[in-house]
1. Could you give every pair whose Cβ atoms fall below 8 Å, whose first residue belongs to segment 27-50 and is farther than 15 Å from ASP87 by Cα and in contact (Cβ under 8 Å) with a residue 40 or more places away in the chain, and whose second residue is outside any strand (DSSP E or B) and among the polar types (S, T, N, Q), counting only separations of at least 6 or pairs across chains?
2. If you go through segment 254-273, how many residues are farther than 14 Å from ASN313 by Cα and of a type in the set (A, V, I, L, M, F, W, C)?
3. If you check ILE51 against the conditions, is it surrounded by fewer than 18 Cβ atoms within 10 Å (Cβ to Cβ), touching a strand residue (DSSP E or B) at 6+ places or on another chain (Cβ under 9 Å) and either within 28 Å of CYS124 (Cβ to Cβ) or of a type in the set (S, T, N, Q) (or both)?
4. Looking only at segment 34-93, how many residues end up being part of a helix (DSSP H, G or I), within 21 Å of the chain's Cα centre (by Cα) and among the charged types (D, E, K, R)?
5. Among the residues of segment 23-48, what is the count of those that are surrounded by 14 or more Cβ atoms within 10 Å (Cβ to Cβ) and at pLDDT below 85?
6. Looking only at residues that are among the acidic types (Asp, Glu) and modelled with pLDDT of 90 or more in segment 203-241, which one is farthest from LEU140 (Cα to Cα)?
7. For segment 125-137, check the following and say yes or no: at least one residue is crowded, with 19+ Cβ neighbours inside 10 Å, closer than 23 Å to ASN313 by Cα, assigned by TED's automatic domain parsing to the domain that holds LEU239 and among the β-branched types (Val, Ile, Thr).
8. Somewhere in segment 3-18, is a residue aromatic (Phe, Trp, Tyr) and crowded, with 20+ Cβ neighbours inside 10 Å?
Amino acid sequence: MKDQLHDLVKKKPFYCSLLFDGSTDKTTTEKEVISIKVIENGTPRIRLLGIVEPDTCDAQGILKAVAQKCEENQLNLSNCLTATAADGASVNFGKTTGVLTRLQHQSAPWMIKVHCIAHRLELCLKDAFKETYFIQIDDLLTRLYSLYRRSAKKWRQLKDLGEALEEHVLKPTRAQGKRWINHRRKALVALAANYRSLSVHLLQGADEPGQDKVKLKAYWRQLTSSKFVLHMVLYQDLLAELAELSLDFQADELSLSSVRSRVVASQTALLCSVLNAFTSTSSAGVFEFKGVAISHHSTSDEAFRHQRVEIVNRITDCISQRFATFSTDPVLLAAEIFDPHNMPENISAIEPYGDEEVQRLCEHFEPLL
């Protein structure tokens, strides 16, 4: 693998982007994972340079660790570096002493600084969901995951109940973790699939003697409230689109030229989404979800419709703010000519297409070219 990387680096011309990310191992030791992104046979690929423990966790220590791995792999950044991506921590993006700023000053003044877009999307949703009812759904997802993970007896009872109801029960999954958007989507899918079995099992547990009966009754009340059901299904609809966006942002083959078009497509899908969460079964204020009768009031329906519009607007606004550079940075805008989705359909427009953008990119990267 190392020989293959060396052969790749020796090719002329050779250009790459740099990626690094810090994490803590089981011994609580800080490690930096350092990689490069290159084009191989027309396809973007990620190649690992190595994992290193910085002497210090400040900008100077991280930069030294990056330089060490680049030197070991015979990589001269001043001759090949086009962009660098990292998370948005101040140690990386500090305006005067951040790692990326130092890289620009020392090796590549033309380098494009990129705040990790998958991490940026998570920050968008964290901002949008702040102080909303979805936080309570997250809390119940975590509690149900712990309940059935820590008790083999309860998990066996839930599976047996599912078989009796002729339903396939999915084990509650963890809703947290790194790149949590897809984790949460999977947890919501399992919750919706298990809804009937879970409701019955929690109610049975609440009626039996034991130290958990009060807790289980509280879970059941929350789970079978109309507010929870409506928001749960909306949450699932929202994360279905956002999880796909997150996974796209994590793909090796993603290019900066396609980020804005993918973001706009997701924003449009969210704004056009239509919720079909339930079917009314009577005029007495009862609807059915997964075979469970749920009581509700017209006032709560109206409030939910308002909140639904509000949360979609909050999400799209947060995304627009966090990804604003892709709409304003002239170099990133020029790079969009490489996104096939932007190719004009009119044949007469193809000939001059991209001339100005290519000129702008050539001028920006002239010292490197």
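The values are calculated or read from the model by the stated rules, or taken from the named source; none is laboratory data. From a predicted model like this one, the values you see are computed outputs, not experimental measurements. Cβ sites come from the backbone with ideal geometry, for glycine too, and all protein chains shown count toward neighbours.
1. Qualifying pairs under 8 Å: PRO44/SER255; LEU49/ASN73.
2. At the first step, the residues of segment 254-273 found to be farther than 14 Å from ASN313 by Cα are 254-263, 265.
Next, only the ones that are of a type in the set (A, V, I, L, M, F, W, C) stay: 254, 256, 259, 263, 265.
Qualifying residue count, segment 254-273: 5.
3. Values: surrounded by fewer than 18 Cβ atoms within 10 Å (Cβ to Cβ): yes; touching a strand residue (DSSP E or B) at 6+ places or on another chain (Cβ under 9 Å): yes; either within 28 Å of CYS124 (Cβ to Cβ) or of a type in the set (S, T, N, Q) (or both): no.
Against the criterion (surrounded by fewer than 18 Cβ atoms within 10 Å (Cβ to Cβ), touching a strand residue (DSSP E or B) at 6+ places or on another chain (Cβ under 9 Å) and either within 28 Å of CYS124 (Cβ to Cβ) or of a type in the set (S, T, N, Q) (or both)), ILE51 does not qualify.
4. First, pick out the residues of segment 34-93 that are part of a helix (DSSP H, G or I): 59-72, 77-79, 90-93.
Narrowing further to those that are within 21 Å of the chain's Cα centre (by Cα): 90, 92-93.
Among the residues that remain, those that are also among the charged types (D, E, K, R) are: none.
The qualifying residues number 0.
5. Final tally of qualifying residues: 1.
6. The first filter runs over segment 203-241 and keeps only residues among the acidic types (Asp, Glu), leaving 207-208, 212, 237, 241.
Of the ones still in play, those that are also modelled with pLDDT of 90 or more are 237, 241.
Working: ASP237: 18, GLU241: 22 Å.
The residue in question is GLU241.
7. Within segment 125-137, the subset crowded, with 19+ Cβ neighbours inside 10 Å is 125, 128-129, 134, 137.
Then keep just the ones that are closer than 23 Å to ASN313 by Cα; that gives 125, 128-129, 134, 137.
Of the ones still in play, those that are also assigned by TED's automatic domain parsing to the domain that holds LEU239 are 125, 128-129, 134, 137.
With among the β-branched types (Val, Ile, Thr) added as a condition, the list becomes 137.
Yes, segment 125-137 contains a residue that is crowded, with 19+ Cβ neighbours inside 10 Å, closer than 23 Å to ASN313 by Cα, assigned by TED's automatic domain parsing to the domain that holds LEU239 and among the β-branched types (Val, Ile, Thr).
8. Kept after step one, since they are aromatic (Phe, Trp, Tyr), are these residues of segment 3-18: 14-15.
Now narrow it down to the ones that are crowded, with 20+ Cβ neighbours inside 10 Å: none.
No.
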